[in-house]
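What follows is a short report on a single structure.
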Amino acid sequence: MSLELNVDNLVKSFGQRKLFHVDQLRVGEGESLHLSGENGSGKTTLMKILAGLERPCSGRVMVTPKARRWWSDRIHPQVIYLHQTPYIFSGDVRDNVAYGLRLRSYSRRDVKLKVQQALAWARLEHLAEQPAYALSGGEKQRLALARAWILAPSLLLLDEPTANLDQHSVRAVSELVTQLLDKGTTVMVSSHQKNAVTDLCGRRLHLENLALQELGNAFSNELNNEPELKYYVQH
Ligand SMILES: Nc1ncnc2c1ncn2[C@@H]1O[C@H](COP(=O)(O)OP(=O)(O)O)[C@@H](O)[C@H]1O
Ligand SMILES: [Mg+2]
């Protein structure tokens, strides 16, 4: 399903401290975005607000088309946020991958089939019966991606998906993200530094000085080799 994200005048503060004011952000179907910014600039907070997991102080986040019959007005079933440290539930890897489907009332047969497909997709089949907590960092990240993939998200928000991963695991994660992008999933990746996953992203957003800067299109910049500052709002 295609999905559009529209953000207007979004302000987030913690107490007296203003974290950011995002004037405007428009994200369309199938885009790939790298959200950069120093540690503490507000990347995680912004992504959680976009996913409806945290409330802004003011402003609005609109996901269209709207979802019907979901358990919260703010949370859209096609918008999925993956935490930097993947959530691991008790049980084995198979149970963990099935987790999201259980909340969505699929039949047992469908759950079994989809879980098998997701395990194959993330190359976790050989670990299906292992306790999930015992996986390595890279395997846990793949597990989190499999859990998201199975729900066919339209917008996937990946919060520092390669933090603390070795080069081999970074490559594995970037291959999975490439496949999601090929399927038309919109992906936003936060990372304070450039890496194999952020290199897949066409659009570059940067949080600094309480504002969100749009640094233009990475792919077209490669051609003219000149960073283009599209707009910059200072508050
Ligand atoms: N619930 C909270 N209460 C108070 N301060 C918070 C809360 N959540 C985040 N912050 C602060 O907001 C700032 C931005 O945090 P975060 O969004 O995690 O930044 P980033 O992901 O860019 O490192 C940090 O200084 C953090 O301490
Ligand atoms: Mg963060």
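Brief remarks follow.
- Protection proxy ranking, highest mean first, for peptides 33-46, 162-175: 33-46, 162-175, where packing is the per-residue count of other beta-carbon atoms within 10 Å, averaged.
- Segment 63-146 - convex hull of alpha carbons, volume per residue in Å³: 114 Å³
- Nearest-0.05 FRET efficiency for K112 and S90, computed from C-beta distance (R0 22 Å): 0.65
- Contact order relative to length of segment 4-224, as percent, for alpha carbon pairs under 8 angstrom and 6 or more apart: 29 percent
- Other residues whose C-beta falls under 15 angstrom from the C-beta of G137 contribute a net charge of -1, scoring Lys and Arg +1 and Asp and Glu -1.
- Restricting attention to the chain, the count of lysine pairs at 8 or more positions apart or across chains with alpha carbons under 15 Å apart stands at 4.
Each value in this text was obtained by applying a stated rule to the coordinates, not by laboratory testing. From a predicted model like this one, the values you see are computed outputs, not experimental measurements. Note: ideal-geometry Cβ built from the backbone for every residue, glycine included; neighbour counts use all protein chains shown.
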